[in-house]
Structures are given as C-alpha cells and as structure tokens.
Amino acid sequence: METFISEFGTIWGGFLATLALAAASAVLSLVWGTVLATMRVSPVGPLRSFGTAYVEIVRNTPLTLLFFFFVFVAPSLGLLVGLGFQWSLAALTLYTSAFVCEALRSGINSVGVGQAEAARSIGLTFGQTLTQIVLPQAWRTSIPPLISVLIALTKNTSVGAGFAYAELVTVQRTLMTENPADALFVFFGIALMYLVITIPLGVTAGRIEKRVAFAR
C-alpha cells in the first residue's frame, strides 16, 4: 500500500498517458471506421471489396498479432517502425476502426430502404443520400455499440506496454518488479484506475441506449 501511495504521481502519469492514447485512438478510429463503413456500402465494387477485406482480416486477427507485426515483422520488410505513443496509436487505430465500421454498418442497415429510395427519387446522389439521410440516423442508432467498442479500446491500450509507452500497464509492471512486497496493492490499484475510465463509459452507454429506445 505504501508503494501505491508514494508512487501515486507515477501512476497518475500512467493514467493520463492511457487516457490520452485512448482518446486519440478513439477519434481516429471513428473517422477511419466511418470511411470503411462508407466503402462497405458503396456501389463501387473495388471500394466495397477493400472495405470488406480490411474488416474481415483485421477483425479476425488478435491484437497481439498486430503488435508482433509492427514490432517484429514490419522491420524485416524494410518498414521503419519505432516505439512509443505514435506506434501504439497506429496499432490501436487500425485494429479498432474495423469494429467501429461494423457497428456503424449495422446502424446503416437499420435505416429503412424506402428512405434511400425516396432520396434518390428527388435527385440526390449516393454521397448526398449517405451523408444527409442515412449516416445521421445510423450514428444515432450506433452510439451504444460504439461506446462498447470504446470501452474495449480503453482496455486494449495495454498494448502500448509492448511499444515501450508509459501507460498504466507499463507503470504497473515497473512498480511490481521494483516493489514485490506491495505487488498485490499495485495490481489492484492499477485495475481500479482502468475502472475509473470504463465504468462511466458503460453508464453513459446505458443511458444513451434508453434514450434512443424511448425516442423510437
């Protein structure tokens, strides 16, 4: 317990680093995931094929394997891959965007076909129909599953430890190694820090889900 109290400044730094990684990756994943979802429903065959292949490959690949690709495989292919925040961010974003895409695509599928047909009948293009009619409704429907994706993203920030990024798991591993007598308190203390992030997100998802259901 003494270690947790005396090293709380270090733990707090790891908490902020985890929060920064989760927030940055969430924004980029939402953007890239939206682009992928647009590709998946696009009438252009090559775009639809690329989106489908990307999602199926990444979604069915363990995050750990993606980490191994960045750290061990990419350098052997001549790709310059470093350590730290930016590479942790790249791995998490590429991985999470596939799940964002699927959550958003399910929202797109929930929009009635008649609305898209009505939009086309008044002369709107595919892009206009998607951005002005379909996506606003799809985003509203997809908010609860998207928050679940973001909760999983927060927990997956632990992959940053493999990139030598000083997030919570890196701090936990260092403190437990240096202070084995207090390892149990450090372990549960770090777990508590994750809950500080994920529990409010879960509560928010529940409230939004009730509001969306009531609005229907």
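Spacing of the modelled spin labels on residue 77 and residue 143, each 7 Å from Cα toward Cβ, amounts to 3.9 nm. With the whole protein complex present, residue 122 retains an accessible surface near 130 Å², based on a 1.4 Å probe.
Surface analysis of the range 48-131 yields an accessible area of 53 Å² per residue, using protein heavy atoms and a 1.4 Å probe. One chain, two ends: residue 68 and residue 1. Fully extended at 0.36 nm per residue, the span grows by 20.7 nm beyond their Cα-Cα distance. Relative protection proxy for 108-114, 22-28, from highest mean packing down: 22-28, 108-114 (other beta-carbon atoms within 10 angstrom).
Taking the helices alone, the chain has a mean residue ellipticity at 222 nm of -25500 deg cm²/dmol, built from -39,500 (n - 2.57) per DSSP H run of at least 4 residues and averaged over all its residues. For the chain, carbon and sulfur atoms together expose 69% of the accessible surface, with a 1.4 angstrom probe and every protein chain in place.
In terms of its Cα atoms, the range 100-216 spans 71, 32, 14 Å along the principal axes, sorted from long to short. The three principal axes of the C-alpha atoms in the chain carry coordinate ranges of 71, 49, 22 Å, sorted with the longest axis first.
The label-point distance for residue 24 and residue 155, in a model that sets each label 7 Å from Cα toward Cβ, rounds to 2.4 nm. What does a probe at residue 44 reach in the range 108-133, counting residues whose amide N is under 14 Å from the point 7 Å along Cα→Cβ? Under cut-off, by backbone N: 126-128. Each Lys and Arg Cβ is given +1 and each Asp and Glu Cβ -1; about its Cα centre, the range 37-164 then shows a dipole of about 100 debye.
The values are calculated or read from the model by the stated rules, or taken from the named source; none is laboratory data. Treat the numbers as computed from the prediction; the structure is a model and nothing was measured. Note: ideal-geometry Cβ built from the backbone for every residue, glycine included; neighbour counts use all protein chains shown. We work out accessible area using only protein heavy atoms, side chains counted, and drop any ligands, DNA or RNA first. Shrake-Rupley method; radii C 1.70, N 1.55, O 1.52, S 1.80 Å.
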